[in-house]
1. Test of understanding: extend the Cα→C-beta vector of S156 to 7 Å, then name every residue of the range 116-134 with backbone N under 14 Å from that spot.
2. Between H53 and residues 5 or more places away or on another chain, which pairs have amide H atoms under 5 Å apart, with H built 1.01 Å from N, and which residues are they?
3. Net charge around E126, counting only other residues with Cβ within less than 14 Å of its Cβ (Lys, Arg = +1; Asp, Glu = -1)?
4. In percent, how large is the relative contact order of the range 37-146, given Cα pairs closer than 8 Å and 6 or more residues apart?
Amino acid sequence: MKRILTAIISLMLLMTIALPAIAESVTTRAETVSYNDLLYRYEESGTATLYGHRAEASTDVVVPNEVYGHRVTAVAMNTFRQNDNNPSWAITSIYMPSVEEIEYAAFYSTTSLKSAFMPRVKNIAEFAFRNARVMETITFYNIETIGNNAFADCKSLSDIWFYGDAPTTV
């Protein structure tokens, strides 16, 4: 009886030590939040990624440095992409002070975006702004890479400003 009791206590002790470690290792769905009509998801790294918007969002978009304590570092794939299934609203300008990465096709075919100011962006993925028909001005500081066709078919793009070093990979 004493051995059984010792085994049960040992097993319970082992479970109290092991279960929290197991629970931490289980991947959970990322938390998502809304802030000023823009939608963000929290990443495991402790940062936030802009991934969507509400229809009533402003046309002059300012992405905050932080959302509820999480630094905003990326704009997700297809966030502002316009097509028949996603007729995005009439965004005219965007200021992203802390964003470091623009993912694939994030602004693809935006029909009203004229300017983007991105002082911290380091990487712009393929097709990120492709076919942004009225895009006129874009400003970068120390950008590192610009993906293939990132600005293809941006017929109105007339001003591209690089402050610091121009990208090493285009």
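What follows is calculated from the coordinates using simple rules that are stated; it is not laboratory data. Keep in mind it's a predicted model, so treat the numbers as computed, not measured. Here Cβ is always computed from backbone atoms with ideal geometry, including for glycine, and neighbour counts include all displayed protein chains.
1. 116, 131-134
2. Here L39 satisfy the definition.
3. Once all neighbours under 14 Å are counted, the net charge is -1.
4. With pairs under 8 Å counted, the relative contact order is 21 percent.
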